[in-house]
Amino acid sequence: MTDSRAMDICKVQVGNGLDVNKKGFTQWPAVAANGFVYTFGITPIDTETLEIMPGDIEFQTRRVLDVLSEVLEAAGSSLSRTLHATVYLRDIQDDYAGFNKAFDHYFAHSPVPRTVVQAVIRSPVARVQIQIVALQEPGRVARTQ
C-alpha cells in the first residue's frame, strides 16, 4: 500500500559556499518538496567562511536576503515566488524600522506576507534570521547532492 502523504523531497545544494559539512552544520540550506521550497533560517553569513557578517540591521537584512536569493535560485525558485517569510529580530524595538526598509526594498513589487517576532538568535553578532517558503518555477528542478 502506498502512503498518499508521501512527498518527493530533495535537499538543495548551493554551490560550494553553503557546504553543510563545514563548521558542523547539520541542516541543508533548503528542501524542495512537491513544488514548494522551504529554506532553513538564514542569518547574515559569508557564504565562503560561514561566519556571521557584523553590521547594522539594514546591512544584515540585505545580506540575509542576498543569501536567500542564492538558496532559492539553487532550489529552482526566486525571491519573487516567496509565499511567506518568518523573521526573527534580536531587538524588535530598535531594529524593526531598519529591517522593514531593507526588506521592503527587495519585495517592492510583490509584497510578501510575513511574521516578525523578537527572538534569541544563537549568534551574538546576528540581529536577524529569516526563513522563507516559496513556489518552485514550473519545470525547474533543484540542484541536489
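Annotations
- Label separation (THR86 vs THR115): 0.6 nm, computed from points 7 Å beyond Cα along the C-beta direction.
- By the count of neighbouring beta-carbon atoms within 10 Å, fewest first, SER123, SER77 end up ordered SER123, SER77.
- Distance from the Cα centroid of the stretch 76-118 to that of the stretch 37-65 is 13 Å (rounded to whole angstrom).
- Taking the square roots of 5 times each eigenvalue of the Cα gyration tensor of the stretch 47-121, largest first, gives ellipsoid semi-axes of 19, 17, 11 Å.
- With each label modelled as a point 7 angstrom along the Cα→C-beta vector, the TYR96-TYR38 pair spans 2.9 nm.
- By the beta-carbon count within 10 Å of each Cβ, the least crowded to most crowded order of ARG140, ARG63, ARG81, fewest first, is ARG140, ARG81, ARG63.
Read-outs: derived from the displayed coordinates by stated rules, not from any lab. As the structure is a computational prediction, the values presented were derived from the model and not from experiment. Counting neighbours? That spans all protein chains shown, and the Cβs are built from the backbone with ideal geometry, glycine included.
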